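Taking it in order: structure first as structure tokens, then the write-up.
The values are calculated or read from the model by the stated rules, or taken from the named source; none is laboratory data. Keep in mind that what you see is a predicted model, and the values were worked out from it rather than measured. Virtual Cβ from ideal backbone geometry, glycine too; neighbours counted across all protein chains shown.
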Amino acid sequence: MKQAITIIHTNDLHANYEQLLRQAAYIKKRVKELKSGNEKYLLLDGGDHLDMSVNECLATQGNIHLEMLADVGYHAMSVGNNEVLRSTPELIRKHSLETTVPWLLLNLAESDGSAIGGMKESLILKAGQLKIGLFGATDQFGDLYENKHGFRNRDTVTSINKAVDDLHDQGADLIIFLSHMGYEADLELAKKLSGVVDVIVGAHSHTVLESPIEESGVIIVQAGSHGKYVGELRLEIDLANKKIEKYIGKLIEINLGSERDPSMSAILEQGRNETNEFLSEVLSYTEELLSHEAVIKLMADGIREFWDAEIGIMYGGAAIGGLEKGELTRGKVLDICKSMHSPVLIEMKGKQIAGLIKDHLREEITSKKVYGNGFRPHGITIGSLGFSGVSWTDQNGDISEIKVNGEQLQEERVYTVGSGTPLLYEEVCGYASVKGCKMIDIGKTLMVKDVFMMYLKKRNKLKMDNVSMI
């Protein structure tokens, strides 16, 4: 006996709502066509549907996405780094418990080994006579989640083999892996999972696969990113042998001229109403225009105070512009502070500080474009550095008389420095002097921009208190 099934798949939306309105319209139309022909289908997402760098996602704490996924009618989704990394453990658990679309994740767990919130390690779905086993795994980023959230890494391949055994025990005819590992990782995993997994629906690397790739007998698909495509994979399966006899796949391009989905538009409109209220909060005031340089200096002041550090250092890529005079609302700050970096407390020697001062205006460093690692928008330059608690004399590039809080800098002394995660790594920030620095602490539930907004509110309160005392 044979049966056909169509896998409709998406990945890495990153809260690109304008594309989602059109992507959703296409998916609903295609599902209607399949249903009218009595054809079986599955609708799957590879993760990174959320993106807390986008105001509507941030303002609604990601809840708008739970509603959107349910409205389109997804059967299951993998968990991406934007579902996990940019949220608190409490919010991650809340989302995974409240969602009506199962979140699949088997290579991360709570510290006691139990499932995170309402996440499932695997899932069996039935389509006609076909039983489909599904599971999901995500890029663990080394031990990042263990350090940041207190979660526990599980060995990915061992966990997959165990899950597949369990799915086969439940009678699964077809095994689909929802991978948020990236295309190169998928190719390597396919070699290890030959004969274990039938299909990998990929994500994370934003790879555009116009047609399926087969590696070691495993079919791999991925549909780009940001809602620009919808993937479709049609399989013909011999149920007696539990083998895929034939497959064909393609990507459907979604463009801004495509039809918009009305119910999705209504969800987005409601979310934007909530967002406008969230963004309108006045944090502080400024009587003069703040240049980009002035903003970065203020961010350095704020991060220094947050950690009660001796020095604050902020890189130019933490903001993309300055602020006009007048009310400084949450929305205005978030418009220029897109990057999603965690605040860190670092130990640096005096000679490293001196090296950063010497190099902080060198164009070959400041013009370096950075991708990934939480930088938004991708390709923003690292920029020059802003300092707090440090002063020096600069005579035509000759740096002298460096002082930390009024005292002469000592080259071998270790100083505490507040900054953001990119300043930990030379390969990210481009400043060679950070090599060998040591992280003391990390803000696990906050981002650098959160620290900046808290600082602005505190400064404003102090200013208003001083006025009322006069």
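Of everything listed in (1) touching a residue at least 24 places away in the same chain (Cβ under 8 Å); (2) touching a Lys or Arg at 6+ places or on another chain (Cβ under 9 Å); (3) not β-branched (Val, Ile, Thr), the single unmet condition for residue 257 is (1). Each residue in the stretch 122-157 was checked for being within 21 Å of the chain's Cα centre (by Cα) and not basic (Lys, Arg), and 18 pass. Taken as a whole, the condition of being surrounded by 18 or more Cβ atoms within 10 Å (Cβ to Cβ), modelled with pLDDT of 95 or more and within 29 Å of residue 12 (Cβ to Cβ) applies to residue 420. Residue count for the stretch 423-444, restricted to those that are surrounded by 14 or more Cβ atoms within 10 Å (Cβ to Cβ), of a type in the set (A, V, I, L, M) and either without any contact (Cβ under 8 Å) to a residue 60 or more places away in the chain or in a helix (DSSP H, G or I) (or both): 4.
When we screen 447, 469 for residues that are modelled with pLDDT under 95, of a type in the set (A, V, I, L, M, F, W, C) and exposed (fewer than 14 other Cβ atoms within 10 Å of the Cβ), the only hit is 469.
Could you go through the stretch 217-224 and let me know if any residue there is more than 30 Å from residue 69 (Cα to Cα), of a type outside the set (S, T, N, Q) and in the same structural domain as residue 27 (by TED's automatic domain parsing). Among the residues of the stretch 217-224, at least one is more than 30 Å from residue 69 (Cα to Cα), of a type outside the set (S, T, N, Q) and in the same structural domain as residue 27 (by TED's automatic domain parsing), which makes the answer yes. Among residues of the stretch 267-295 being of a type in the set (Gly, Ala, Ser) and either surrounded by 13 or more Cβ atoms within 10 Å (Cβ to Cβ) or closer than 13 Å to residue 22 by Cα (or both), the one that is nearest to the chain's Cα centre (by Cα) is 271.
Checked against (1) more than 22 Å from residue 85 (Cα to Cα); (2) without any contact (Cβ under 8 Å) to a residue 12 or more places away in the chain; (3) assigned to a helix (DSSP H, G or I), residue 168 passes all but a single condition, namely (2).
For the stretch 379-406, a residue qualifies if it is exposed (fewer than 10 other Cβ atoms within 10 Å of the Cβ) and on the phi < 0 side of the Ramachandran plot, and the qualifying residues are 395, 398, 400.
Exactly one residue out of 227, 231 is at positive phi and in contact (Cβ under 8 Å) with a residue 12 or more places away in the chain, and it is 227. Screening the candidates 312, 227, 321, 249 for the property of being within 24 Å of the chain's Cα centre (by Cα) and surrounded by 14 or more Cβ atoms within 10 Å (Cβ to Cβ) yields one hit, 227.
Against the conditions (1) in contact with a strand residue (DSSP E or B) (Cβ under 9 Å, 6 or more places away or on another chain); (2) among the aromatic types (Phe, Trp, Tyr); (3) closer than 27 Å to residue 66 by Cα, residue 278 satisfies every one except (1). For the stretch 337-388, the set of residues classified as within 24 Å of the chain's Cα centre (by Cα) and closer than 18 Å to residue 309 by Cβ consists of 341, 342, 343, 344, 345, 346, listed by residue number. In this entry, residue 183 passes the filter for residues that are surrounded by 17 or more Cβ atoms within 10 Å (Cβ to Cβ), under 24 Å from residue 234 (Cα atoms), among the hydroxyl-bearing types (Ser, Thr, Tyr) and outside the structural domain of residue 373 (by TED's automatic domain parsing).
Summed over the stretch 223-247, the residues that are under 19 Å from residue 132 (Cα atoms) and not basic (Lys, Arg) give a count of 13.
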